[in-house]
Amino acid sequence: MAFFERIADILKANINDMIDKAEDPVKMVKQLIIEMEGQVDEATRALGQAMGSQKVAAKELADAKAKVADWNDKAKLALKNGDEALARKALDIKVGLEGQVDQLQASYDGITAQVDKLKDQVQTMKMKLDEARARQNVLIARAKMAEASTVARFLLCL
């Protein structure tokens, strides 16, 4: 049994060595950067959608606040004209709309928090992408230097 285990270990070692030789760090970094660019694009799209939702929520909130102000004015006008019943109805409607304003405000605040978080995440991802590109350039330079060094050593041996 030990004989077969040793053969299996040797085969594994040889396979791992072949895989290591096949891996090109420059190509791996390029692939990583391509994947990171895709993630940044996806996050940027998500940010755009969130910002669109934020604008819609802001408009709905502004419209609701305008309705509250309008019903408040109607209540004042009815009271000025001496129609207390109409003024109470207008105030009841105003109170109902104020509840909607509170809900819309909470929704808007939540969306704004998400947009801010997404902006931070996209910015962080872009910074990491820039760092990866810088590392890629360093790695390419090192690989070229190693290749030149190998060629120089080979030529000196001749």
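All of the numbers you see were taken from the coordinates with simple rules; none came from a lab. None of the values given here were measured: they were computed from a predicted structure. Neighbour counts run over all protein chains shown; Cβ positions are idealised from the backbone, glycine included.
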Pairwise label distance in nanometres, Asp41 with Gln100, each label 7 Å out on the Cα-Cβ vector
4.2
Cross-link pairs beyond the 27 Å C-alpha cut-off, checked among Lys59/Lys80; Lys67/Lys117; Lys55/Lys128; Lys55/Lys119; Lys65/Lys126; Lys30/Lys55:
Lys59/Lys80; Lys67/Lys117; Lys55/Lys128; Lys65/Lys126; Lys30/Lys55
Determine the gain in length on full extension of the stretch Ile140-Ala113; use 0.36 nm per residue of separation and subtract their C-alpha separation, reporting nm with one decimal.
5.7 nm
Determine the relative contact order of segment 52-131: mean sequence separation of Cα pairs under 8 Å and six or more apart, normalised by residue count, in whole percent.
36
